[in-house]
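Below is one structure, written out as structure tokens; comments come after it.
Please treat every number below as a calculation from the coordinates, not as lab data. Note that the structure is predicted; figures quoted are calculated from it, not measured. Don't worry about glycine lacking a Cβ; one is built from the backbone with ideal geometry, like all the others, and counts go over all protein chains shown.
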Amino acid sequence: MQIFLEPIAAGELVDLEQALTPRRLSGRAVDGAMPPPRVATRALERLRAGDPERWCLPFYMRDAERRIVGACGFKGSPCAGRVEIGYSVAPACRGLGAAAMAVRLLLERARDSGEVLEVLAQINADNLASTRVAQKLGFLRGGVVVDQDDESLLQWLYPVHRVPGDGEERSGR
């Protein structure tokens with residue numbers, strides 16, 4: 001599946017924070033593709049704190065037909081060379097490679113920034129699809145952490161000195 005990343009405009013985050021689909025996207029998003037309100041809230045808080053947009057604004061994941069099939073992004077600015085990512089794909093579009101393509105594009109952005117040494121993905125142990133994405137792309141399994149919701153998450157780390165597929169033809173560019 002070919003995926004393109006489109007930054008979510010800061011103005012649209014207010015709608016998303018209220019679980020509303022921005023008007024311009026009506027009929028262009030697959031059910032379940034919009035990021036959850038907490039993603040919009042986090043992005044708005046980071047922007048208000050002065051973090052750069054490139055690390056705060058999430059992205060729509062668009063397919064070749066320009067439909068929104070999911071969302072992804074960085075969870076804030078890099079700290080000590082590490083940046084965390086998150087992603088989700090609409091249920092109807094899972095298993096088609098959208099998540100892997102979107103994560104590849106995030107890895108490229110992280111590498112090209114010159115600010116990142118490694119990318120972190122924290123994945124619930126029961127989320128086998130996301131675990132497969134991390135493994136497929138060459139993330140290395142780290143430790144286990146418990147988040148603020150008392151959820152156990154596996155940490156997956158990716159050194160950005162290379163991006164999966166370097167030297168190969170990639171879609172989404």
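The table for this structure:
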quantity	calculated
Packing rank of 91-103, 124-136, 142-154, where each peptide gets the mean count of other beta carbons within 10 Å, highest leading	91-103, 124-136, 142-154
Cα-Cα P(r), the chain, percent of pairs per 5 Å interval	1, 9, 17, 21, 22, 18, 9, 2, 0
The range 89-169, relative contact order in percent, only Cα pairs under 8 angstrom and at least six apart counted	33 percent
The chain - mean residue ellipticity at 222 nm from DSSP helices (-39,500 (n - 2.57) per run, n ≥ 4, rounded to 500)	-8500 deg cm²/dmol
Cβ-derived FRET efficiency at R0 25 Å, residue 132 paired with residue 26, nearest 0.05	0.15
Relative packing of peptides 112-123, 55-66 - highest average C-beta neighbours within 10 Å first	55-66, 112-123
